[in-house]
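Working notes, structure below.
The values are calculated or read from the model by the stated rules, or taken from the named source; none is laboratory data. Computed from a predicted model, the values in this text were never measured in an experiment. Reconstructed Cβ throughout: ideal geometry from the backbone, glycine too, with neighbour counts over all protein chains shown.
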Amino acid sequence: MEPLDLDISEGELELPSEPMMLNMGPSHPAMHGTIRIVVELSGELITKADVQIGYLHRGFEKMCERGTWTQVFPYVDRCNYVSPMLNNVGFALAVEKMMGVTVPERCQYYRVVLGELARICDHMICNGAMCMELGAFTPFLYHARARDIIWDIFEEETGARVTHSFGRVGGMAAPPTQYFKEMIRAGLPRVQKFLSDSERLLVKNRIFLDRLEGVGRISKEDALALGWTGPTLRSTGAAYDVRRAHPYLVYDRMEFDVPVGTTGDNYDRFMCRMEEIRQSMRIIDQALEQMPDEGPINIDDPRIMLPPKGEVYTTIEATIQHFKIVMEGIKVPAGECYSYTEGGNGELGFYMVSDGSGTPYRLRIRPPCFAVTQGLEQMITGLMIPDVVPTFGSLNMIGGECDH
Amino acid sequence: MAKAPAPNPWTKPRGEAIKLKVIPRPQRTAEVQSYVPAFLKGMSITMRHFFKNTKEMVLGQKPDPVLEGLEEGITTINYPEEKRPYPERFRGLHRLTLRQDDSPRCVACLCCSTACPAQCIHIVAAEYPEGDTRRGYERYPSSFVIDELRCIFCGFCVEACPCDAIRMDTGMHATAYDSREQFIYKRELLMSFTGRDGSRETANPRHEPGDETHPGVTREHMEH
C-alpha cells in the first residue's frame, strides 16, 4: 500500500505562517481591571495590538446628573478604587472651585494627609501587583501588609476601608479622630520597613531587572502627545506634577522632590512610584507637623454645610436649613469650571457645568488612566507576549477610572 | 471698563522651583550580573520573616492583631472565632432608634430615602390614629424597608436624618444569607438592633408633644 502523503511536497508540511490572533483578557489575571488586548502574533512577537477598553463602563457621568452634588461622592469613590480618597478630595475641590470657597486650613492639611496616604496605597498596589505578575509573590505580600496598615488608619478615620465617601463640599464628613496623628506616626515607619524589605528583594535581582530594563519604552514627546500625566509621564523625564506646577490645598508649603526618570521604560516607572511613596511620606510628616490640632474642619456657610445635629434636633431654623440642603442639594452657581488635581495615576480632572440648581447639569471626568492606556498599543507592539504583563502592570490602569 | 477677574482662592501661585530627583539607572555590576549575591540576600530577607513568623507560632507568642497590629509577625485572625473590633466610626448595618415607649423615633420625613444615592430605603408614611397625642404633630413609618443588597454603606442616610432615627452604629457588617428576600430588612428587624454598646437611646432630646418643656412650646431659653 502506498503511503498517503506521497505526493505532498516538503513545503506544505511546515507550520502555517500566517499570524495568530490571541485574546488577552477581558478577564485575565494580568489584565487587572477588565481590559481586552487582541494581539496579532508572529511566533511570540507582537506585530499588532488592539487595546479595547470599556468592559467596566457604568455610565458614571450620566449617573452623576441624577442626584445632588453631594451624592456624587460615592460614585467618585468607585472611579479609582485603589485610591478613593484622592478622588474624594479632587471632586470636593472641584465643586469648591466652582462656588469660589476655600476650606479652613485644618481641613486642607487633613485632606493633604489623607490624600497622600491614598497615593501611597495606590503606588504600592501598582508596584506590588506588577512584581506578583512577574513571579515575585513575596514583595506583593509585603506591600499588601503595608497597605493594610494604611487601610486600618482609613477605617478608623472614615468608617470604611475602601469606599470611604468621606469628602464633602466645603469640608470633610467628620473631623480627625483623637488619635489621628499618633496612628499615622506609628504606622508609617512600619510601612517604610515593609517597602524597603520588598525593594531590597527586587532592585538588585537580575531576573527582575531583565524583565523591566529597556522594556516598554516610550519617549517624552510621545508621552506628552498622548496626554500622559502622573508617574508614567514623569518616568519619561517630563517633570509635570500638578502638586508642584499648580499647587492646590497646602502643597505650596510642603517640601518634596519630583522624581523623574530618564528613559521611560518599565524600570523607570517602577522606581518613580517607589520614590514617590517616599516623597509622599515626607509630605505627610510635614503636614502632620504643621496641621493645627484645633479649629474648624468645615467652612462656616449655612448654604453649604448641614447645620450641627444638636440644633437640628431642637430648633426649627436649623431643621428648615437641614431639609433645604438634603432635599434640594447645595446650590452651585451657574457656570462651568475645570478643576484638576494630582490623582494616583496623574492629572485627575473634573469638568463640570452647573445650571444653578442642586444637581450637576453635566459632569465630565478626565481620568488619567484613559490617556495612559492609549499608549499601551504602541508600547507593546514589537515586544513579546510576556513583556505585555509588566508593561501593562506598570501603567497601573484602573478599570473603573478608565471606563468611567 | 472690563471688570478685573476676581482672584481665585483655589489655585495658588507657584512657589519655589521644582526640585527634581532623577532616578538612577540600574547598575549592572558583577554582583548583579552573577545573580548569586542578590539571591542570597533575598533569601536572608524572606527567611528572617519566615523565622519570625514561625517562632511566634511555635512559642504561642502571636501578637494581638489590634493592639500589636504594627508588630512584626503574623497578625492573622481565626475568623469567626476571633473578631477584630470595628472602629468607632465604622458604618455597619442600620438600625432604627426607639423612643421611651419603644415606638420608632422616625417621623417618616423621607430625608434618608432622598439622600440615599443607591435608593435602597423605602418608607410608607402614616398618620397616628385618632386620639393619639402625636396625631397632627408628626407621622410615623408604617413600613420602613432597607434593601441591604442595594445599600452601599455610604452613611448619607445617617447624616440626613434630622431626628437621629436611623443609625449605622450596630457594629455588624452585612451578613451573607441564602436568598435575596432575607436581605430586605423590615421595620421590626431594624428596630430590634441595638448599638454596639447595647443601647437603643438616641441623642435626640426632642420631647413628646404636650410636654411642658418642649422647646416648641416656649422658646425663652433659646438663643435666637
Response to the item:
Residues of segment B:150-173 being touching a residue at least 60 places away in the same chain (Cβ under 8 Å), at the interface with chain A (Cβ under 9 Å from one of its Cβ atoms) and more than 10 Å from the chain's Cα centre (by Cα), in sequence order, are B:164
Discussion item. For segment A:177-202: of the residues being farther than 30 Å from residue A:297 by Cα and touching a residue at least 60 places away in the same chain (Cβ under 8 Å), which is farthest from the other protein chains (Cβ to nearest Cβ)?
Written reply: A:195
Practice prompt. Go through segment A:204-222 and count every residue that is more than 13 Å from every other protein chain (Cβ to nearest Cβ), in contact (Cβ under 8 Å) with a residue 24 or more places away in the chain and outside any loop (DSSP other than H, G, I, E, B).
Written response: 2
Worksheet item: Looking at (1) surrounded by fewer than 22 Cβ atoms within 10 Å (Cβ to Cβ); (2) in contact with an Asp or Glu (Cβ under 6 Å, 6 or more places away or on another chain), which is the one condition that is false for residue A:79?
Response: (1)
Worksheet item: Just one of the numbered conditions (1) free of Cβ contacts under 8 Å to residues at least 24 places away in the same chain; (2) at the interface with chain B (Cβ under 8 Å from one of its Cβ atoms) is not true of residue A:165; which one?
Response: (1)
Worksheet item: Which residues, taken from segment B:26-41, are at the interface with chain A (Cβ under 7 Å from one of its Cβ atoms) and either touching a Ser or Thr at 6+ places or on another chain (Cβ under 8 Å) or aromatic (Phe, Trp, Tyr) (or both)?
Response: B:35
Discussion item. Condition check: more than 24 Å from residue B:29 (Cβ to Cβ), facing chain B (nearest Cβ under 9 Å) and of a type outside the set (Lys, Arg). Does residue A:225 satisfy that?
Written reply: no
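Collect the residues in segment A:332-352 that are surrounded by fewer than 18 Cβ atoms within 10 Å (Cβ to Cβ) and either over 24 Å from the mean Cα position of the chain (by Cα) or under 30 Å from residue B:161 (Cβ atoms) (or both), keeping them in residue-number order.
A:333, A:334, A:335, A:336
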Worksheet item: If you check every pair at least six apart or on different chains, which have Cβ atoms under 7 Å apart with a residue in segment A:352-375 that is without any contact (Cβ under 8 Å) to a residue 12 or more places away in the chain and closer than 30 Å to residue A:50 by Cα first and a residue that is surrounded by fewer than 23 Cβ atoms within 10 Å (Cβ to Cβ) and of a type outside the set (Val, Ile, Thr) second?
Response: none
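Here's the yes/no breakdown for (1) assigned to a loop (DSSP other than H, G, I, E, B); (2) surrounded by 10 or more Cβ atoms within 10 Å (Cβ to Cβ); (3) modelled with pLDDT of 70 or more:
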residue	(1), (2), (3)
B:5	yes, no, no
B:10	yes, yes, no
B:18	yes, yes, yes
B:28	yes, yes, yes
B:31	no, yes, yes
B:54	no, yes, yes
B:67	yes, no, no
B:80	yes, no, yes
B:86	yes, yes, yes
Fill in: Residues being at pLDDT below 85 and farther than 18 Å from residue B:150 by Cβ - total across segment B:162-190
1
Item to complete: Find the residue count for segment A:279-310, including only residues that are buried (at least 17 other Cβ atoms within 10 Å of the Cβ) and within 10 Å of another protein chain (Cβ to nearest Cβ).
Response: 4
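Among the residues of segment A:229-240, count how many are surrounded by 24 or more Cβ atoms within 10 Å (Cβ to Cβ), of a type outside the set (Ser, Thr, Tyr) and touching a Phe, Trp or Tyr at 6+ places or on another chain (Cβ under 9 Å).
Summing the residues that are surrounded by 24 or more Cβ atoms within 10 Å (Cβ to Cβ), of a type outside the set (Ser, Thr, Tyr) and touching a Phe, Trp or Tyr at 6+ places or on another chain (Cβ under 9 Å) in segment A:229-240 gives 3.
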Worksheet item: Exactly one of (1) touching a helix residue (DSSP H, G or I) at 6+ places or on another chain (Cβ under 6 Å); (2) not in a strand (DSSP E or B) is unmet by residue B:144. Its number?
Response: (2)
Worksheet entry | Residues located in segment A:298-326, provided they are in a helix (DSSP H, G or I) and within 32 Å of the chain's Cα centre (by Cα) | A:325, A:326
Practice prompt. Could you please find all residues in segment A:246-264 being in contact with a helix residue (DSSP H, G or I) (Cβ under 9 Å, 6 or more places away or on another chain), facing chain B (nearest Cβ under 7 Å) and either in a loop (DSSP other than H, G, I, E, B) or of a type in the set (A, V, I, L, M, F, W, C) (or both)?
Written response: A:247, A:248, A:257, A:258, A:260, A:261, A:262
Practice prompt. Determine which member of the set A:401, A:347, A:328 is within 30 Å of residue A:240 (Cβ to Cβ), out of contact with any Asp or Glu (no Cβ under 9 Å at 6 or more places or on another chain) and within 14 Å of chain B (Cβ to nearest Cβ).
Written response: A:347
Worksheet item: in a helix (DSSP H, G or I) and surrounded by 12 or more Cβ atoms within 10 Å (Cβ to Cβ) - does that describe any residue in segment B:88-111?
Response: yes
Practice prompt. Collect the residues in segment B:176-206 that are among the polar types (S, T, N, Q) and more than 14 Å from chain A (Cβ to nearest Cβ), keeping them in residue-number order.
Written response: B:179, B:182, B:192, B:194, B:199
Worksheet item: When you scan segment A:266-314, how many residues do you find that are out of contact with any helix residue (DSSP H, G or I) (no Cβ under 7 Å at 6 or more places or on another chain), of a type in the set (Lys, Arg) and modelled with pLDDT of 90 or more?
Response: 2
